[in-house]
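Everything on this sheet refers to the single structure shown next.
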Ligand code: FAD
């Protein structure tokens, strides 16, 4: 299949990108890495009449590393994050490079961007899950100015976000909490989208869990936090019994969909297994003093 006829416009700087989106509004779609949008165009599931390519807007590919947060420009590719593992900017946020390696295949990781993934809003996308887990915030820009939105408010449903047609996502900011974190997933084949993914984080304090967080992907229209399972963990050591109880609570708390890829019951069993695995990683990393 080929995309429907459309106009292709390339923005060279942030001002030009914002102007083009203000001019074409509903008719236009931003294109970044094209790894989700091009298949949608080819299958005619998206039918914009204008594409605004932001790939040359280099200020949106910068990385700003501060003491309290790491800001990644929206055009940062999955591969750049993967290859940055062990470098100073990702200190305390090593879960980001580790997780990048799970996304698709090398050609997809070399072109696909973190901003594109968040704007696309797939509930099983690794960046959407981690952004919710780690309380990340998106920066959005339009002719009306700039605003910052927590990812929990940006992601509204299956492939649905609160990004307005004239807005562009320019960066995502991850706070440095010092939490140990892990994301694990099950996909039928390496490089496929995960059927289910589980991410966990906890701040270690005197051998017990502080601020435990569990977020699941592939079980609902957005990444889902599971407070019932987090309550099991709060203030307790991550012993095998406590981990098993939290995993059981997570599986009981969700009502995953059945589809051609997996039944609801299978997804629920995956939740229990993957939460156990993620929490075991978190416990191990916290004991070693690693994030
Ligand atoms: P694009 O395809 O360019 O755009 C995607 C959507 O976001 C479009 O609606 C576009 O208008 C919008 N958009 C893009 N950037 C912005 C912006 N800055 N501001 C506002 N709107 C914007 N993803 C995963 O998470 N995990 C996987 O395992 C995975 N496997 C894949 C396997 C295959 C075979 C393929 C083809 C894709 C896979 N992907 C996977 C998707 C891939 O990671 C994409 O790179 C990502 O979802 C979108 O990033 P992009 O830069 O390519 O965005």
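The values are calculated or read from the model by the stated rules, or taken from the named source; none is laboratory data. Source: prediction; values computed, not measured. For neighbour counting, all protein chains shown are included, and Cβ atoms are generated from backbone atoms with ideal geometry for every residue, glycine included.
Restricting to segment 1-55, name every residue that is away from the ligand (no atom under 12 Å from the Cβ), farther than 22 Å from residue 108 by Cα and touching a helix residue (DSSP H, G or I) at 6+ places or on another chain (Cβ under 6 Å). Within segment 1-55, 9, 49 qualify. Only one entry in 197, 229 is within 18 Å of the chain's Cα centre (by Cα), in contact (Cβ under 8 Å) with a residue 24 or more places away in the chain and surrounded by 24 or more Cβ atoms within 10 Å (Cβ to Cβ), namely 197.
Given the structure, is residue 85 out of contact with any strand residue (DSSP E or B) (no Cβ under 9 Å at 6 or more places or on another chain), over 17 Å from residue 38 (Cα atoms) and modelled with pLDDT under 95?
Numbers: out of contact with any strand residue (DSSP E or B) (no Cβ under 9 Å at 6 or more places or on another chain): yes; over 17 Å from residue 38 (Cα atoms): yes; modelled with pLDDT under 95: yes.
When the stated conditions are applied, residue 85 passes them.
Do we find that residue 75 is within 21 Å of residue 137 (Cα to Cα) and touching a helix residue (DSSP H, G or I) at 6+ places or on another chain (Cβ under 7 Å) in this structure? Before the answer, list the steps.
Details: within 21 Å of residue 137 (Cα to Cα): yes; touching a helix residue (DSSP H, G or I) at 6+ places or on another chain (Cβ under 7 Å): yes.
Judged against the criteria, residue 75 is a match.
For beta carbons closer than 6 Å, sequence separation of 6+ or different chains, a first residue in segment 24-42 that is without any contact (Cβ under 8 Å) to a residue 60 or more places away in the chain and a second that is near the ligand (Cβ under 6 Å from one of its atoms) and assigned to a helix (DSSP H, G or I), the qualifying pairs are 31/37. When residue 192 is tested against (1) out of contact with any helix residue (DSSP H, G or I) (no Cβ under 9 Å at 6 or more places or on another chain); (2) free of Cβ contacts under 8 Å to residues at least 40 places away in the same chain; (3) over 30 Å from residue 58 (Cα atoms), just one condition goes unmet, and that condition is (3). Restricting segment 122-162 to residues that are in a loop (DSSP other than H, G, I, E, B), within 25 Å of residue 278 (Cα to Cα) and in contact (Cβ under 8 Å) with a residue 60 or more places away in the chain, the residue that is farthest from the ligand (Cβ to nearest atom) is 134. Scanning segment 79-121 for residues that are near the ligand (Cβ under 7 Å from one of its atoms), within 16 Å of residue 171 (Cβ to Cβ) and in contact with a helix residue (DSSP H, G or I) (Cβ under 6 Å, 6 or more places away or on another chain) yields a single hit, 117.
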